[in-house]
Amino acid sequence: MFLRTVLRGALSAMLAVLIGPAVAEVYPDKPVRMVVPFPAGGPTDVLARLIAQKLTEKWKQPVLVDNRPGAGANIGAEIVAKSKPDGYTLLMTTSALAVAPSLYPKLNYDPLKDLSPVVNVAYAPFLLVVRPEMPAKSVQELIALARSQPGQIMFASTGSGTPLHLAGELFKTMAGIDIVHVPYKGSAPALTDLLGGQVQMMFDSPITSLPLVRGGKLRALGISSATRSLVALEIPTIAEGGVPGYEGALWYGLLVPTGVDSSIVNSINRDVVAIIGQPEVRARFVDLGADPVGNQVEQFKSEIERDARKWAIIVRKSGATVQ
């Protein structure tokens with residue numbers, strides 16, 4: 001009886017080894033849900049639908065985008081974190097995920113443990129913009145001006161704890177200057193007050209501010225990516241401008257519930273990386289103010305962990321809270 005039990009266990013283990021890869025090879029064999037924790041029509045949603053369409057074509061299975069906005073992108077992320085880890089529920093989100101543990105200490109899930117990275121789809125850098133009347137014409141000149149007028153230069157953001165706010169706080173910390181944060185409820189009212197002179201500077205998406213820069217209504221001093229962006233190659237990075245190591249870009253990434261078979265994760269990664277490599281997809285990303293990425297699973301994992309550490313320090317120093 002004991003020998004029969006041992007043999008049965010060994011046979012089951014062998015079958016699992018043999019069948020496992022076969023199961024992964026036929027993935028997916030039914031529709032896949034891609035949860036987007038932001039409203040329809042926003043940049044995350046647009047990028048998700050582009051990727052979903054291409055995956056549908058490749059997989060011959062529908063990839064359905066499911067918008068679940070709310071609570072700083074945590075509602076949708078929690079849905080995915082608590083879903084069955086079979087590869088049929090994906091999360092398309094932003095680096096808000098890496099900030100969430102610092103801003104939301106009482107979450108019902110752990111963003112860094114309950115979700116596993118698949119691929120960084122794209123980076124969306126921010127522009128550091130000022131009014132044309134501002135005497136500073138470079139990042140170095142802005143820093144010098146801020147040091148000569150501590151507490152007098154105000155920077156707008158789209159709200160306390162938002163990526164644009166934290167990009168400003170990171171700049172403040174790394175440059176060693178005293179500038180004052182003024183939160184707004186969205187980019188439009190913040191830009192309105194910047195153009196009107198109520199505030200002096202702002203970190204903003206190139207989608208909304210680049211047309212104003214090219215129209216002469218705003219001046220761009222730098223871009224927040226680590227290297228120059230395809231979105232606006234003519235604009236130097238903030239690191240180039242005088243703050244070495246500065247990087248405050250938003251990433252858009254694909255994740256799955258922790259526990260999904262690694263062969264499925266790697267398969268999704270390969271397919272999405274191939275899609276991102278298509279010229280028409282890359283061009284569309286740039287139109288949306290994002291630089292295509294498409295890296296490996298471990299690279300994306302390291303980026304998320306690094307971001308979580310970096311933003312935890314900035315949140316603590318700035319006292320940022322969610323609205």
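Throughout, read-outs are computed from the coordinates displayed, never taken from laboratory work. Predicted, not measured: the structure shown is a model, and the values here were computed from it. Counting neighbours? That spans all protein chains shown, and the Cβs are built from the backbone with ideal geometry, glycine included.
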Checklist entry - Which residue, chosen from Pro189, Met201, Ile223, occupies the Cα position most advanced towards the positive end of the dipole of the stretch 127-241, where the dipole is computed from +1 (Lys, Arg) and -1 (Asp, Glu) charges on Cβ about the Cα centre? => result Pro189
Item to check | Inter-site label distance for Thr227 and Gln149 at 7 Å from Cα along Cβ, in nm | outcome: 3.6
Checklist outcome for this item: Total charge of the residues flanking Ser302 in space, meaning their Cβ is under 15 Å from its Cβ, with Lys and Arg +1 and Asp and Glu -1, is -1
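Report, in deg cm²/dmol and to the nearest 500, the calculated mean residue ellipticity at 222 nm for the chain, where each DSSP H run with n ≥ 4 adds -39500 (n - 2.57) and the sum is divided by the residue count.
Values: 12 runs with 149 residues, N = 323.
Value at 222 nm, helices only: -14500 deg cm²/dmol.
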Next on the checklist: Give me the dipole magnitude in Debye, nearest 20, for the chain about the Cα centre, with unit charges on the beta carbon: positive for Lys and Arg, negative for Asp and Glu.
Outcome noted: 360
Next on the checklist: Could you check the spin-label model distance between Ala71 and Glu305? Points 7 Å from the Cα along Cα→Cβ, value in nm.
Outcome noted: 2.7
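Can you tell me the FRET efficiency between Lys217 and Asp271 if r is taken as the Cβ-Cβ distance and R0 is 45 Å, rounded to the nearest 0.05? Spell out each step's value before the answer.
Values: r = 42 Å, r/R0 = 0.93.
The formula returns an efficiency of 0.60 here.
Ignoring GluC sites (Glu not before Pro) that are buried or in helix or strand per DSSP, and keeping those with at most 15 other beta carbon atoms within 10 Å, what is the longest stretch of the chain between them?
No qualifying site falls inside 1-132, the longest such stretch.
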Checklist outcome for this item: Beyond 20 Å (Cα-Cα) in this structure, taken from Lys84/Lys310; Lys84/Lys113; Lys54/Lys113; Lys58/Lys84; Lys185/Lys217; Lys58/Lys301, we find Lys84/Lys310; Lys54/Lys113; Lys58/Lys84; Lys185/Lys217; Lys58/Lys301
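Classify the stretch 228-281 as rounded, prolate or oblate from the Cα gyration tensor: take a ≥ b ≥ c as the square roots of its eigenvalues, call it rounded if a/c is under 1.5, otherwise prolate when a/b beats b/c and oblate if not.
On the way: a/c = 4.27, a/b = 1.91, b/c = 2.23.
Note, shape of the stretch 228-281 comes out oblate.
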Checklist outcome for this item: Percent relative contact order for the stretch 127-241, counting Cα pairs under 8 Å at least six residues apart, stands at 37
Checklist entry - How high is the FRET efficiency from Ser83 to Gln278, r the C-beta distance, R0 30 Å, rounded to 0.05? => result 0.55
Checklist entry - In whole angstrom, and with the biggest value first, how far do the Cα coordinates of the chain range along each principal axis? => result 86, 40, 32
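Kirkwood Rh over Cα pairs of the stretch 127-241 into Stokes-Einstein at 10 °C, 1.306 mPa s: D in µm²/s? Please report the intermediate quantities before stating the final value.
Details: Rh = 13.8 Å.
Answer, rounded: 115 µm²/s.
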Checklist outcome for this item: Quick note on Leu254, Leu127, ordering by fewest other C-beta atoms within 10 Å, gives Leu254, Leu127
Next on the checklist: With loop defined by DSSP as not H, G, I, E or B, and exposure as at most 11 other Cβ atoms within 10 Å, which is the longest segment of the chain clear of exposed trypsin sites (Lys or Arg not before Pro)?
Outcome noted: 186-323
Checklist entry - Over what distance in Å are the Cα centres of the stretch 260-287 and the stretch 101-126 separated? => result 19
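Size of the dipole of the stretch 127-241 about the Cα centre, Lys and Arg at +1 and Asp and Glu at -1 on the beta carbon, nothing else charged, in debye to 20? Walk me through the numbers on the way to the answer.
Working: 9 positive and 8 negative charges, 31 e Å.
Here the size comes out at about 140 debye.
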Checklist outcome for this item: Taking a crude spin-label model, label points 7 Å out from Cα along the C-beta direction, the Glu57 to Asn108 distance in nm is 3.8
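Return the FRET efficiency for the residue pair Arg316, Glu240: r is the Cβ-Cβ distance, R0 is 35 Å, and the value is rounded to the nearest 0.05.
On the way: r = 28 Å, r/R0 = 0.80.
In this case the efficiency is close to 0.80.
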